Structures are given as structure tokens and as C-alpha cells.
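Enquirer: Mind having a look at this structure? Questions to follow.
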Amino acid sequence: APSAALKLSADVFALRHEDALAAVVADALLVPTNLAPRHVLGGELVTRVEPQPGLTFDGGAALARTIDGPDLAFDVGQLFIQGVVAPAPGFELGGRGRARMLFGADRAAGSDATLDGFGSVSTGDMTLVLTLRNMLQSEMPSRDLAALPSASDVALPAPDRSLFISVEGRL
């Protein structure tokens, strides 16, 4: 925290997934099979700026990559930015944008971007949160699974627009 209005944080993480499963067809039966552990290495850098009381901006970047073991899922790189306005005590409005790049060996990859909006009202130990995810109903551009590297991109559906309502309490 180099100043009262600026905070920076950097983290490195290593994960080991022991319960990796793969579905294998054996004698016409679908059989789950335990795989070797998967080791993931990654990190993230996050910054928070508060130019004036009641207005904050957060931004960051993260990367997670499989370094050993079965590559069951895409590795991911992600950028995000968020702005929050608190016009009155206990009341917040904000928006969050995220861009994600998925990549992996021997598989189609692509990127997507989403924009979420949220608001919250807090009274004592209870908070009501409304979140509208994927406000732009975006799609994920990705290479066709059967395409050559020089082929054009196709659009795949991203997670649908959805509204979440949650109540959070503190004991």
C-alpha cells in the first residue's frame, strides 16, 4: 500500500489436484478412471485505487497453467477491471468487466469477455446483493474443432445472461 488511495498485491500459487477422473470406454461401459495428479502453477496481480471516498477501481491479471500431469482443462489467462460507487452508507453500485483467454495443448482455444453489473444494500449484519451476469449476452470466439490453424473463427455461446439474488448475513 504505497499510499492511502493505492493498494497493490501480487500472489503466486501452486495447486495439486488429486481426484482427477477421466471417462474411459471399456467393453462398451463408461468407466471413470483415476488419473495421475495434476499440478498447476499460477499467479495474479491486483491493484485497487480509491481516487475519492465512495469511488474505487480494481484491476488485475491472472494466469494458471498445468505444469505436470494430465491437462484436463484449459489453462487460463484473465484480465479484469471493476468500478464501485458507494453514494450512501450501506449502498453500492458497480460494474465488472472480464476478458479471458483459454489455451491448451492439442485442443481448440479461444477467448471471451463479459460485463457484469451489481448492486448491494446492507443493513446491520445483512446484505442483499443483486448481480446481472453477462449483461451483453456475449459469445466466445473459438476455432472450429475440426478447422485448420488458418481457418476463420466461429462463435460459441458464452454463459447466458442471468440474474442472481443473494442474501448474506454475519453472525
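The values are calculated or read from the model by the stated rules, or taken from the named source; none is laboratory data. Since this is a predicted model, take the numbers as computed values, not measurements. Heads up, the Cβs are rebuilt from the backbone with ideal geometry, glycines too, and the neighbour counts pull from every protein chain shown. Just the protein is used for accessible areas: all its heavy atoms, side chains included, with ligands, DNA and RNA removed. Shrake-Rupley method; radii C 1.70, N 1.55, O 1.52, S 1.80 Å.
Enquirer: Report, by residue number, each residue of the stretch 123-139 that is hydroxyl-bearing (Ser, Thr, Tyr), modelled with pLDDT of 70 or more and surrounded by 14 or more Cβ atoms within 10 Å (Cβ to Cβ).
Expert: Thr127, Thr131, listed by residue number.
Enquirer: So which residues in the stretch 36-45 are in a strand (DSSP E or B) and open to solvent by 40 Å² or more (accessible area, probe 1.4 Å), if there are any at all?
Expert: His39, Leu41, Glu44, Leu45
Enquirer: Just give me the residues in the stretch 50-71 being surrounded by 15 or more Cβ atoms within 10 Å (Cβ to Cβ), in contact (Cβ under 8 Å) with a residue 24 or more places away in the chain and closer than 30 Å to Val84 by Cα, in sequence order.
Expert: Glu50, Thr56, Asp58, Ala64
Enquirer: Can you find even one residue in the stretch 54-74 that is within 28 Å of Arg170 (Cα to Cα), at pLDDT below 95 and out of contact with any strand residue (DSSP E or B) (no Cβ under 7 Å at 6 or more places or on another chain)?
Expert: No, the stretch 54-74 contains no residue that is within 28 Å of Arg170 (Cα to Cα), at pLDDT below 95 and out of contact with any strand residue (DSSP E or B) (no Cβ under 7 Å at 6 or more places or on another chain).
Enquirer: If only one of Ser142, Ser150, Ser120 is surrounded by 15 or more Cβ atoms within 10 Å (Cβ to Cβ) and at pLDDT below 70, which one is it?
Expert: Only one candidate qualifies: Ser142.
Enquirer: Can you spot a residue in the stretch 15-35 that is surrounded by fewer than 11 Cβ atoms within 10 Å (Cβ to Cβ) and either at pLDDT 90 or above or in contact with a His (Cβ under 7 Å, 6 or more places away or on another chain) (or both)?
Expert: Yes.
Enquirer: Answer yes or no: is there a residue in the stretch 101-111 that is in contact with a Phe, Trp or Tyr (Cβ under 7 Å, 6 or more places away or on another chain), over 25 Å from Pro2 (Cα atoms) and either modelled with pLDDT of 80 or more or assigned to a strand (DSSP E or B) (or both).
Expert: The answer is yes; a qualifying residue exists.
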